[in-house]
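> Below you will find the structure I want to go over with you.
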Amino acid sequence: MDWLTENKLPVGKWVSSFVDWITDNLGWFFDGIAIGLETMIDGLLWLLQAPHPFVTIAIVAGLAWVLKRSVWFTGFVAAALLLIVNQGYWEETTETLALVLSSAVVCMAVGVPLGVAAAHRPWLYKAMRPVLDLMQTIPTFVYLIPALILFGLGMVPGLIATVIFALPAPIRLTHLGVSSTPKPLIEAGEAFGATGSQLLWKVELPYALPSILAGLTQTIMLSLSMVVIAALVGADGLGVPTLRALNQVNIARGFEVGLAIVLIAIILDRLCRRDDAGPGR
């Protein structure tokens, strides 16, 4: 076995050289991406932090009522957000929400079209499957290193790491929803003279909507699970006090921050979850 170890392939050096080449030749491209993502995050932060917390809480509670028409859920949303304010984690919560919502926007904007394309082209999904498996199984710290090199410290590398981890969910679930559209529905649309784009927008996507919304929910939950990892690369939010509590072995602070993350997860999950089964379900 020694001869095999002594003559190992320089895989790490190849990847390092590739990242160095990207840094030297495509720095302008990644700078543009960083500026765009920072602008989106800053805009969401302004929307969440500019109003008084009570105003933001009232708006979110009103949205909960409009979407769910549940007095219990609306009261829970208001009480949960007031508890977060009471514990002193409102600013960190808004920063985490900005990161999570930005991640959801990017993942859905990329994942849904890729899922639709993969559903219509089986060879594409076969080619994408090992890549998707790799994105979800490779240790997060591995791709944090090139993200730091390409984007520096801050919210952007945290967002990139979150997107890489969460992106497979909307791709897989969109592919599942579109590819499982019953053939009689498609044949009925074709019988009425529907074009390919009309079949997509009026038959396949409405039928796949529950799966797509499930992909959105999964994206949000996976993004929330990355808040501590994002804090390691300079991203603000609830991950920062979590790391401090871990370093100080502060049980009280750790529980408070964990409770805030759980409350945000419950609120976002219920807001995005579809109550009915959807078309064809």
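> Restricting attention to the range 254-273, does a residue exist that is at pLDDT below 85, under 24 Å from TRP65 (Cβ atoms), assigned to a helix (DSSP H, G or I) and not hydroxyl-bearing (Ser, Thr, Tyr)?
yes
> If you go through the range 123-145 one residue at a time, do you hit one that is open to solvent by less than 70 Å² (accessible area, probe 1.4 Å), small (Gly, Ala, Ser) and in contact (Cβ under 8 Å) with a residue 12 or more places away in the chain?
no
> Considering only the range 84-108, state which residues are free of Cβ contacts under 8 Å to residues at least 24 places away in the same chain and part of a helix (DSSP H, G or I).
Within the range 84-108, ASN86 is the sole residue that qualifies.
> Please go through the range 170-184 and pick out each residue that is farther than 16 Å from LYS126 by Cα and either at pLDDT below 90 or open to solvent by 10 Å² or more (accessible area, probe 1.4 Å) (or both).
SER180, THR181, PRO182, LYS183, PRO184
> Report, by residue number, each residue of the range 93-102 that is closer than 16 Å to GLY234 by Cα and among the small types (Gly, Ala, Ser).
Within the range 93-102, just ALA98 meets the criteria.
> Of the conditions (1) buried (at least 16 other Cβ atoms within 10 Å of the Cβ); (2) within 16 Å of the chain's Cα centre (by Cα); (3) not acidic (Asp, Glu), ILE266 satisfies every one except a single condition; which number is it?
All conditions pass for ILE266, except number (1).
> Now, a different point. Might you check whether a residue that is of a type in the set (A, V, I, L, M), open to solvent by 20 Å² or more (accessible area, probe 1.4 Å), within 23 Å of the chain's Cα centre (by Cα) and closer than 30 Å to LEU82 by Cβ occurs anywhere in the range 199-208?
no
> So in the range 69-82, with the set limited to residues that are touching a helix residue (DSSP H, G or I) at 6+ places or on another chain (Cβ under 7 Å) and not hydroxyl-bearing (Ser, Thr, Tyr), which one is most open to solvent (accessible area, probe 1.4 Å)?
LEU82
> Can I ask one more? Any idea how many residues of the range 159-187 are in contact (Cβ under 8 Å) with a residue 12 or more places away in the chain, more than 20 Å from LEU134 (Cβ to Cβ) and assigned to a helix (DSSP H, G or I)?
5
> Hey, another quick one. Contact list please: Cβ distance under 7 Å, first residue in the range 44-67 and at negative phi, second residue of a type in the set (Phe, Trp, Tyr) and assigned to a helix (DSSP H, G or I), pairs at least six apart or on different chains.
PRO53/TRP90; ALA64/PHE73
> Let me ask something else. Only one of (1) surrounded by 14 or more Cβ atoms within 10 Å (Cβ to Cβ); (2) more than 19 Å from PHE29 (Cβ to Cβ) fails for LEU150. Which number is that?
Exception for LEU150: condition (2).
> Now for a different question. Just wondering, is there one or more residues in the range 169-181 that are under 15 Å from VAL106 (Cα atoms) and among the small types (Gly, Ala, Ser)?
Yes, that holds for at least one residue.
> Still on this structure, I have one more. Scan the range 224-239 for residues that are closer than 18 Å to GLN49 by Cβ, open to solvent by 40 Å² or more (accessible area, probe 1.4 Å) and not acidic (Asp, Glu) and jot them down.
Residues satisfying the conditions do not exist here.
> Determine whether the range 17-27 contains at least one residue that is exposed (fewer than 11 other Cβ atoms within 10 Å of the Cβ) and closer than 30 Å to TRP90 by Cα.
The answer is no; no qualifying residue exists.
The values are calculated or read from the model by the stated rules, or taken from the named source; none is laboratory data. Source: prediction; values computed, not measured. Using ideal geometry, Cβ is built from the backbone for each residue, glycine included, and neighbour counts are taken over all protein chains shown. All accessible areas refer to the heavy atoms of the entire protein, side chains included, with ligands and DNA or RNA removed. Shrake-Rupley method; radii C 1.70, N 1.55, O 1.52, S 1.80 Å.
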